[in-house]
Structures are given as C-alpha cells and as structure tokens.
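The next block holds one structure in the form of structure tokens; read it before the comments.
All of the numbers you see were taken from the coordinates with simple rules; none came from a lab. Computed from a predicted structure; not experimentally measured. Don't worry about glycine lacking a Cβ; one is built from the backbone with ideal geometry, like all the others, and counts go over all protein chains shown.
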Amino acid sequence: MAERYREMKIFEKEIAERGFRYVGQPLPNREAEMKAAGEIRYIDDLRMPGMLHAKILFSPHAHARIVSIDTSKAEALDGVRAVVTWKDAPRIIFNSAMRFYMDTSPFDMPKTEYIFDDTVRFVGDRVAAVAADDEFIAAQAIKLIDVEYEILPSVIRLEDAIQPDAVQANPYGVDGSNICGGRVAYGSHDEDEVLRAVEEAEYSFDDTFHTSRVHHGYMEPVTHIAHYTRDGKLTIWTSGQNVFCFRDVIATSLGMKQSRVRVIKTVCGGAFGGKLEVMHEPVVALLSMKTLRPVKIRLTRQENFMASRTRHEGILRIRTGVDKNGTIVAQHVESALNTGAYAGSGPNTVGAQSGKTFILYGAQKMFYSGASYYTNTPLAGAMRGYGCPQIMVTRETHTENIARALGYDPAEFRRMNVVKPHHKNCMGNDMHNARIVDCIDRGVELFDWKRRRARAEDGNDGAQAIVHGIGMDVAVHGNGWYPVYQDITTITLRMNNDGTATLLTGTHDLGTGAKTVLSQIAAEILTIPPGEIEIIEADTDVTPLDLGAQASRTTYIGGNATIMAARNLRGQLIKEAASMLKVPKDRLELEECFVVDREEPDTRVSFEDVVGSAQDGSAGNPQRELIATETFESLDSIDSYVAVFCEVEVNRQSGEVKVIDLLSVHNSGKVINPATYEGQVHGGMHMGLGYALSEEMLIDSESGKVSNPTFKKYHMFRASEMPKIHVETVEDPEEAGPFGAKSIGECATDGIAGAVVNAVSHALGGVKLDRIPLTPEYIKEVAAGNKS
C-alpha cells in the first residue's frame with residue numbers, strides 16, 4: 001500500500017504541474033438545477049403500488065414500564081392493515097449507531113436498544129406502530145391503542161445524572177451509574193502529573209462551560225420506506241448518511257442475513273449528522289414483513305424534535321497552566337455529555353472529542369477525561385462537529401480568559417501556542433501541514449483586528465445601552481475516522497461505449513456537492529467533462545463499501561480512492577490505445593476524451609473507439625470491459641484548521657446580541673470546488689451562530705417533554721438575521737489529500753460559537769460567560785452584574 005500510495009502522489013503532482021482543467025473550478029452542484037426547478041424526487045415523493053402509511057405511538061412518559069397494551073380497537077378500524085408492539089418484535093438488542101457488523105471502536109459501544117421494549121425511557125420512545133391505507137387512518141388508529149403504564153423514577157437534567165446517587169436512567173449504566181460505555185481517559189502523561197503541572201505553573205486557570213442540546217433543523221423530515229417481499233428480501237429507502245451501517249444494524253435488529261437486506265439512499269433534504277444513525281427503519285420493516293406491502297413513515301416536525309437525534313448537551317471543565325512567557329505548558333480537560341436514553345453514539349462522540357484535545361494547541365502535557373451519561377431524554381447522536389463544537393467553545397472562551405488575565409492580545413496569545421506545520425504534538429503525532437498560524441495572521445489583517453478592537457473599547461464607556469465587541473477563536477477538525485476505525489472506501493469507474501464514464505461509490509451526497517467534487521477529480525485524470533461522468537451512490541446491493549457521510553471524510557477518503565480508480569482506468573485506456581496505434585505506452589496521454597501521441601499529436605484515437613476495441617478484441621488484446629475498482633485505505637490522520645473573527649453589537653438593557661460581521665479563514669488545502677466549498681462554510685456559519693445565540697431544545701425537568709418542538713418556538717437564524725459573512729482560504733496543499741485537498745464540512749461550524757461568545761464578552765468589558773446559547777435573559781443578568 002505504501003508504495004502504491006507514493007506512486008499515486010507522484011502522479012498527482014504530474015497532473016498538477018500540467019495544469020488543472022476541472023479541479024479548482026466553481027462548478028455548480030450537480031443537483032442544483034433540478035432542485036431549484038422542483039423536479040428532483042425526495043423520498044416522500046416516492047409512490048409504490050399498494051403502499052401503506054405508518055404512524056408510531058410515542059411514549060408520553062419519561063420513564064415507565066408498559067403494564068398492558070390493548071391494540072384491538074386500532075386493529076378493528078377500517079383501513080388498518082397491521083399493528084406492532086414489543087410483543088411482535090424480535091427480542092434482539094442492538095446499538096443504532098454501530099459503524100460495522102464487527103465493531104472495531106476502541107470505545108465501548110453498548111447495545112441498549114430494541115425495536116420495541118416493554119419499558120419506555122423518554123418522552124418519544126416507541127410504544128407501538130400502525131400501518132394503514134393512509135396517514136389519517138394511521139393517526140386515528142394510534143389514538144385507539146390503550147396502554148397502562150407504571151411510572152418509574154427518571155432523571156432529566158445532566159447535572160443530576162452525573163451525581164453518584166442519581167436515579168439510573170438506563171439499566172446498562174456502568175456499575176449502577178449513568179455512565180454510558182465507560183470513561184474515556186488518556187493523555188501525554190499520567191493524569192495526576194498533568195494536574196500537578198497545571199497547579200505548579202506560574203499561572204493557573206480553571207473554567208467550566210455548559211453547552212446546550214440543539215436539533216439539526218434539516219428541512220426534510222425523517223422519512224423511511226420499507227418493502228419486504230415473499231422471497232425474503234427487505235429493501236429500505238432512506239435519506240440517511242450511512243447505508244452500509246444501516247444494513248448491518250437493521251439486519252441485526254431483525255435477525256436477518258445482510259444479503260437479504262438492501263438499503264438505498266434517496267436524495268437528502270439535509271442531515272448534518274442527524275441521519276447518520278438508524279432511527280425508525282426497523283419499525284416500518286416490521287410492518288412491511290407483516291403485510292407484505294411497502295410501508296412509509298414520515299415524522300411530523302414535532303416528532304422529529306422528540307424522536308430523532310440531537311447534539312449532545314455538555315458540561316466541560318478546563319484547567320490550564322501557563323509559564324511566565326505566556327506558553328501553555330499543561331492542560332486538563334474534563335467532559336460530561338448527555339447521550340439521552342440509549343447509548344447510540346455517546347461513547348464515540350466522547351472519543352472523537354478527546355482526539356480534538358491534542359491537535360490544536362502545542363502544550364506538551366495534556367490529559368482528557370470524559371464520559372457520556374444516560375438521561376431520560378431524547379437520544380443525542382451525531383451532529384456537525386461530533387463533539388468538537390462543545391470543546392472548541394469551551395476551550396476558546398477559556399483561552400480568551402487566559403489572554404485577558406495575562407494582558408496578551410488574544411490573537412497573539414493563540415499564535416504563540418497553536419500547533420505549527422509538522423509540529424509533534426504532545427502525543428508524538430505529526431501535525432502535517434497545519435497552517436493555523438497563517439489563518440490567524442490572514443484574519444488579523446483582513447478583519448483589521450487591532451484597530452477594530454481598540455475602536456470598540458474606546459466606544460464602550462460603560463454608560464451606553466448599545467456596546468460593540470470584537471472576538472475571535474480558532475478550531476480544528478479531522479479528515480476521517482483513522483485511527484479510531486479502519487477508514488476505507490472503494491470506488492468503481494467504468495467506461496461506457498460512447499466514451500463517457502460511470503462512477504459507483506458508497507459515499508453519500510447530502511446536498512454538500514460530494515458527487516460534484518468526485519466527478520471533478522475523476523474528470524481531471526480522465527479528461528472527460530465532469531457532466532459526462534455519471535455518479536451512482538450509496539446502494540448496498542450496487543455500490544462498493546463506504547463508511548458513510550461523517551467525520552469530514554468524503555473529499556479526503558473518497559477523493560483519494562477516486563484518483564486511484566481513475567489512474568487505473570487511465571492506464572487501461574492507454575494500454576489498449578497503444579495496441580491500436582502501435583505506439584509505446586509512455587508516449588501516450590489523455591486529452592479531451594482522446595488518447596494522443598505526445599510526439600505526434602495528430603496520431604490519436606477517441607475513447608469511444610478504445611472502448612470498442614477492448615470489447616471486441618480487435619487490437620489483439622483479450623476482450624474485456626474497461627473498468628477499475630480501487631480501495632483507498634487511510635493510514636494517517638490529517639486535520640483542517642480555521643480562525644474565526646467576529647464583531648457583535650450588544651444591547652445591555654434588552655440582552656439582544658446582533659452579529660454584525662463574521663470572517664472565517666480556513667486551512668483546507670487545495671479547494672477542489674470553490675462554489676460548493678463556500679456554500680459549506682456559509683451553512684456552517686449559520687449553524688454556529690444559532691448554537692451560540694438562539695438554539696436550545698428546552699426539556700421540562702419534571703415531565704421530560706420537549707417544550708419547543710416547532711420551528712416557531714425553536715429559534716434558528718433567519719436569513720434577515722445573518723450578518724455580513726466573509727470566507728477566506730489559506731490554500732496550502734496537504735500532501736496526503738487528493739490533489740492537496742482537506743475537509744471543510746464540519747470545521748465550518750466548529751469555530752463560530754467561540755468567536756461570538758468572546759466578542760460578546762469583549763463588549764461587556766471582559767466578563768466571563770459560561771454557557772450557550774447567549775439568550776437575552778442571560779445577557780441581561782450578566783450585564784447587570786448578577787453573573788460572573
């Protein structure tokens with residue numbers, strides 16, 4: 001693999017030296033025109049003969065045992081075709097976030113879920129489901145199901161769940177506690193040694209920060225279709241992010257062989273991590289198995305809030321030691337995340353968060369200790385950043401506090417302490433081409449950092465209602481799962497008879513432009529226009545294996561695999577053409593769908609003729625299809641960096657915060673497609689602003705009910721509330737990336753909240769802020785001096 005990898009990188013450099021045709025071009029998203037015209041078909045647009053519609057009865061209680069359940073009235077309703085409860089479901093325990101059939105995570109991923117159970121553990125847990133001729137009948141039938149519950153003790157708040165004597169939300173908590181899957185604890189040195197280094201440093205700092213539970217807010221509600229046929233084949237259509245994982249989990253939950261389960265990804269109307277884990281697919285599968293008809297379920301918006309996935313709420317504490325020169329010498333991070341009623345991806349999110357501890361700042365003594373905790377609340381799961389936004393806002397507000405206390409300019413203090421290119425971090429890992437210093441320097445220049453900051457300070461005399469603040473932060477995100485999981489993807493490229501090509505991939509395009517980017521990469525090598533390369537994505541019976549749209553891995557992992565497959569196919573085209581033209585292979589190159597003799601450019605043959613020759617054997621070679629399948633195996637961990645700069649206006653009387661200007665400077669290597677890249681950053685900024693200022697799922701601490709389960713009550717940023725936004729790149733190629741590219745999707749969100757919080761703190765005279773969102777009520781308290 002190492003030798004093939006080296007050869008591939010040499011080949012990439014040769015392509016780059018020739019000059020790019022398609023890489024670096026701002027091509028529109030392949031699906032943009034059809035989406036704009038309303039012609040693309042989402043999963044809810046799919047209609048099948050005899051299709052039934054499902055509804056789920058969700059628990060009204062935070063924790064209860066089902067004493068009895070009577071479905072006879074629902075079954076008797078005209079138009080109802082099937083009802084299922086825990087009595088009808090296989091008694092097979094599973095984890096809805098498992099990545100592989102044989103899980104290889106170093107973090108314990110407990111199996112805690114059943115399709116239906118006789119105990120419900122949050123308001124929104126599944127009790128029963130109905131399949132009927134239409135949604136209205138199904139909804140009526142749900143109301144006719146009689147359930148007797150025995151109410152059990154519950155724990156709703158994370159602050160309560162972490163206590164040693166807390167009510168146990170789930171029986172699988174470690175040693176009778178609410179800890180899910182065990183504690184993640186490791187670092188460069190022993191924990192006591194790191195804490196001692198913090199305490200013995202010239203300056204020691206200690207801060208705790210609380211981050212909120214938020215929802216993904218995707219436009220397309222969670223929707224699934226299942227069809228079980230008489231031959232024992234189950235097909236699932238879902239707008240999910242990881243069809244191979246889904247196949248494994250669904251097959252496990254139903255006791256089926258993987259070969260009998262097919263999962264097809266449909267066009268996705270937004271996901272942001274929220275559709276990475278199996279949700280209600282096994283339910284519609286059960287209903288289809290009972291009726292032998294296709295069954296669809298579409299959650300209402302309120303059901304999406306309580307019965308899908310959320311970002312993990314967090315309480316994080318950071319202790320840092322700094323020497324007399326302003327160098328961070330030691331840092332200890334302690335994290336508690338709220339995973340909700342079942343394990344899901346809780347331990348993995350903690351593990352992912354722990355990894356971010358060691359790759360942004362250069363302290364040589366660092367330790368991370370964290371765990372996810374069960375509560376009787378909706379499940380938390382993957383969300384853009386996957387544990388990173390929580391630690392970034394915590395550490396970056398903490399870093400701001402340190403810089404302020406020691407009298408350093410915040411930008412300069414970070415510049416002194418962040419990792420440098422090929423720096424060896426405290427764990428001994430090479431940071432590769434980490435250009436975070438370049439991002440800081442570029443941002444300081446473009447944002448006019450020092451002048452604007454001084455101007456804001458001069459203008460805030462303490463008497464005004466309206467004050468201004470300037471803040472910044474830095475953040476990091478990875479490119480794939482390595483070394484936590486084996487991180488591979490396989491790409492198949494096939495030449496068609498007319499000289500076009502088809503690319504088959506397990507990678508998922510969630511509206512991010514992934515298919516556009518992969519087509520540009522393949523086109524660059526094959527010299528076929530990107531629009532003439534068809535992309536077939538994410539179908540477990542058709543496409544090769546992939547780990548799904550997660551961990552900011554698509555461009556890095558999928559792009560490298562695409563280069564390998566395209567290079568292989570290029571070699572086949574040249575080999576066949578050499579036989580046809582009677583020219584040595586090393587004299588031939590590809591040029592705009594022709595194989596051309598470099599020394600005699602008029603000597604050439606079209607791809608169409610090359611494919612025909614390969615198929616009929618007319619050039620003397622064995623008859624064959626021109627097709628290449630290659631697997632890229634990630635063997636290293638590379639990271640993307642960002643520096644974010646922000647100006648805010650704060651009304652101290654009303655508590656309102658208005659973001660005026662926002663600059664995001666990214667180190668993401670070579671940008672394959674500037675248009676889709678900038679779109680990702682804009683979307684990430686929007687999500688980060690909501691996280692900082694307005695978004696929070698409010699859960700009643702007594703009943704466990706979500707009290708704001710609608711977009712009217714759950715405040716995402718509106719277009720009219722968005723500030724001026726600017727995107728800048730430090731486009732220094734990363735050797736390991738495809739044509740030097742690195743990821744952008746999650747890093748675009750990771751750094752926004754910290755910059756906003758720091759700007760608000762600056763506006764309020766340097767007061768410490770210890771939670772998000774920065775609601776008007778909280779800001780009024782802080783401004784009045786009631787919080788510190």
Residue-wise HN-Hα coupling along the range 727-743, computed from phi with Karplus coefficients 6.51, -1.76, 1.60 (Hz; x: Gly, Pro):
10, 10, 10, 9, 8, 9, x, 9, 4, 6, x, x, 6, x, 7, 10, 7
Selection of trypsin sites (Lys or Arg not before Pro), the range 700-788, meeting DSSP coil and at most 13 other Cβ within 10 Å:
712, 713, 718
Below 8 Å, C-alpha to C-alpha, sequence gap of six or more: please give me the relative contact order for the range 302-394 in percent.
38 percent
Sorted by chain and number, the residues with a modelled amide H under 5 Å from that of residue 660, at a separation of 5 or more or across chains, are 647, 648, 649
Relative frequency of Cα-Cα separations exceeding 16 Å in the range 572-626, percent:
30 percent
Which net charge results when you count Lys and Arg as +1 and Asp and Glu as -1 among the other residues whose beta-carbon is under 13 Å from that of residue 730?
-3
Ordering of 62-73, 258-269 by packing [mean C-beta count within 10 Å, highest first]:
258-269, 62-73
Measure of size requested: the Rg and Dmax of the range 501-554, with Cα atoms as the atom set and Å as the unit; please supply both.
11.0, 30
Cα to Cα, under 30 Å, and not fewer than 8 places away if on the same chain: which lysines meet these conditions relative to residue 585?
9, 13, 575
Taking every pair of distinct Cα atoms and averaging 1/r, then inverting, what Kirkwood hydrodynamic radius in Å comes out for the chain?
27.7 Å
Starting from the Cα gyration tensor of the range 689-755, take the square roots of the eigenvalues, sort them a ≥ b ≥ c, and report rounded, prolate or oblate (rounded when a/c is under 1.5, otherwise prolate if a/b is larger than b/c, else oblate).
prolate
Straight-line reach from residue 233: which aspartates and glutamates fall under 17 Å, measuring Cα to Cα and dropping same-chain residues less than 8 apart?
248, 281, 539, 541
Under the Karplus relation with 6.51, -1.76 and 1.60 and θ = phi - 60°, whole-Hz ³J(HN,Hα) for the range 176-187, x at Gly and Pro, equal x, 8, 9, 5, 9, x, x, 8, 9, 8, 6, x
Once you order the gyration tensor axes a ≥ b ≥ c over the Cα atoms, which shape class does the range 98-170 get: rounded for a/c under 1.5, otherwise prolate or oblate by comparing a/b with b/c?
oblate
What is the packing order of peptides 544-550, 650-656, 677-683, taking the mean over residues of other C-beta atoms within 10 Å and listing the highest first?
544-550, 677-683, 650-656
Among 658/713; 35/275; 275/780; 713/780, which pairs are too far apart, with a Cα-Cα distance over 29 Å?
275/780
Using the 2.2 N^0.38 Å rule of thumb for compact globular proteins, work out how the range 727-788 stacks up: its C-alpha Rg over that value, please.
1.67
Honestly the range 446-498 on the Cα gyration tensor test (a ≥ b ≥ c root eigenvalues; a/c under 1.5 rounded, otherwise a/b vs b/c for prolate or oblate) is just prolate
Estimated vicinal HN-Hα couplings, Hz - the range 703-713 in sequence order (Karplus 6.51, -1.76, 1.60; Gly, Pro = x):
8, x, 7, 6, 9, 9, x, 9, 5, 5, 9
Report, ordered by chain and residue number, the lysines lying within cross-link reach of residue 73, taken as a straight Cα distance under 23 Å and ignoring same-chain residues fewer than 8 apart.
55, 87, 143, 290, 296
Which of the chymotrypsin sites (Phe, Trp or Tyr not before Pro) found in the range 33-103 are loop residues per DSSP with 12 or fewer other Cβ atoms within 10 Å of their Cβ?
none
Please work out the C-alpha center-to-center distance from the range 248-308 to the range 584-617 and express it in whole Å.
47 Å
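With N denoting the number of residues in the range 125-214, provide Rg(C-alpha) divided by 2.2 N^0.38 Å, to two decimal places.
Compared with the compact-globule rule of thumb, the range 125-214 sits at 1.89.
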Difference of contour (0.36 nm per residue) and Cα-Cα distance, residue 13 to residue 579
201.0 nm
Loop only per DSSP, at most 15 neighbouring Cβ atoms within 10 Å: give me the trypsin sites (Lys or Arg not before Pro) in the range 425-522, ordered by residue number.
none
Amide hydrogen neighbours beyond the local backbone of residue 181, cut-off 5 Å, H modeled:
174
Amide proton proximity set for residue 186, modelled H, under 5 Å, gap of 5+:
368
